[in-house]
Amino acid sequence: RAKELGRDGIALFTSEMTAAVRKKLSRTDELRQAVLRDEFVLHYQPQVDVQTGRIIAAEALVRWQRPGEGLVYPGDFIALAEETGLIMPIGQWVLKTACRQARAWQDQGLRPIRISVNVSARQFQEERLIETVADALHEAGLDPSWLELEITESLIMKDLSGSIARMHELQKLGVKLAVDDFGTGYSSLSALKRFPLSRLKVDRSFIADIPHDADDMAITSAIISLAQKMGLEVVAEGVETEEQARFLIESGCNQIQGYLYSRPVEEERFSRLLEGNGCDHR
Ligand code: C2E
Ligand code: MG
Ligand code: MG
Ligand code: MG
């Protein structure tokens, strides 16, 4: 009897596996089609200087407009794209589109802002990254100093010396570098000083429970003062409430990004946000 159950157990497990594998294969296929059919779109989320009330940057966030399914968020396809290598063409498209958009806003006479683009592990390690970035800038006619690449702390720590070398190559190209999700990737603080960085992004998980979690508040204000003392800019992500913003400002953080100011929005809405943001309003 036990033997039978075991066999059934295995049979069930196997058919579940097959279903999972099949589902993954078809999802991969759809993602490959999506690349060919240009089914991606970028949304932009403002980063605001709290001292002046001005938008200083936009983070480009990719979405997949899947026919019949609506918008698919990166949490549901970036990992698969990484695994299958499809992140290369997708990432290239994101870079090109983001650079072109930044230049288009400048051409519309809007105050120039920096554009931030997320780069995943496989893209960052890819041989041709420097060329890909240089091409995107060149094609768009965008000065490199307006582009910032966001890389996560855990990506950097996977291959510390390789990452540092890579960061120096990008710095030479003239682009800015930010560490995304800072505080979650266990980088030693001594490693931090070897990174040619311009900004730290305090991870959203530390911001979420402010003002209720005293530990998160301690960590957040420590990261902010560390960044400042090292001459880095610091932006807090995931700021949703006035109370969180107030705490951050009191802690010396002068850049915030989050639903409090705006969700990520389509290009047109972002243009309107920028237009209405021409002068100081604080
Ligand atoms: P991330 O780079 O840390 O981006 C911030 C995420 O937090 C975004 O989710 C954004 O919509 C969300 N967010 C912003 N403000 C708030 C807030 O106030 N509250 C809450 N709850 N969430 C907020 P999204 O767009 O779903 O992106 C998730 C992640 O996917 C990104 O995290 C990034 O790691 C990755 N990703 C997005 N676009 C790209 C891309 O073009 N290339 C690559 N390689 N990764 C991307
Ligand atoms: Mg990011
Ligand atoms: Mg982040
Ligand atoms: Mg994140």
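The values are calculated or read from the model by the stated rules, or taken from the named source; none is laboratory data. In this text, all values refer to a predicted model and were calculated from it rather than measured experimentally. Heads up, the Cβs are rebuilt from the backbone with ideal geometry, glycines too, and the neighbour counts pull from every protein chain shown. Ligands, DNA and RNA are stripped out before the accessible areas are found, and what is left, the full protein with its side chains, is counted by its heavy atoms. Shrake-Rupley method; radii C 1.70, N 1.55, O 1.52, S 1.80 Å.
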Most fluctuating residue given options S190, S262, S145, as computed from a GNM of the chain linking Cα atoms under 10 Å: S190
Most mobile listed residue (G238, G162, G91) in the chain, GNM with C-alpha springs under 10 Å: G162
How much space per residue, in cubic angstrom, does the convex hull of the C-alpha atoms of region 49-197 take up? 141
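DSSP loop (so not H, G, I, E, B), at most 15 other Cβ within 10 Å: list which GluC sites (Glu not before Pro) in region 32-75 pass both filters.
Filter output for region 32-75: E69.
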Among residues other than Q171 whose Cβ falls under 14 Å from its Cβ, what is the net charge (Lys/Arg +1, Asp/Glu -1)? +3
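Roughly what % antiparallel, to the nearest 5, for the DSSP beta bridges in the chain?
Values: 16 of 39 bridges.
Once the DSSP bridges in the chain are tallied, antiparallel ones form about 40 percent.
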Taking square-rooted eigenvalues a ≥ b ≥ c of the alpha carbon gyration tensor, is region 68-115 rounded, prolate or oblate, where a/c under 1.5 means rounded and, failing that, a/b exceeding b/c means prolate? prolate
Provide the net charge surrounding W93, with neighbours chosen by a C-beta distance below 11 Å and charges set as Lys +1, Arg +1, Asp -1, Glu -1. 0
Summarise the accessible area of the chain (1.4 Å probe, protein heavy atoms) by the percent that is carbon and sulfur. 51
Under-5 Å amide H pairs with C253, H placed in peptide plane, nonlocal only: none
Helix-derived [θ] at 222 nm for the chain: sum -39500 (n - 2.57) over DSSP H runs of at least 4, divide by residue count, nearest 500? -15500 deg cm²/dmol
How many percent of the alpha carbon pairs in the chain exceed a separation of 31 Å? 33
Apply the Karplus parameterisation 6.51 cos²θ - 1.76 cosθ + 1.60, with θ equal to phi minus 60°, to every residue of region 112-125 and state each ³J(HN,Hα) to the nearest whole Hz, in sequence, with x for glycine and proline. x, 10, 7, 10, 10, 10, 7, 10, 8, 3, 5, 5, 5, 8
Burial order of peptide ranges 169-179, 208-218, 126-136 (average beta-carbon count within 10 Å, highest first): 169-179, 126-136, 208-218
Descending Cα extents along the principal axes, region 143-245, whole Å: 42, 30, 22
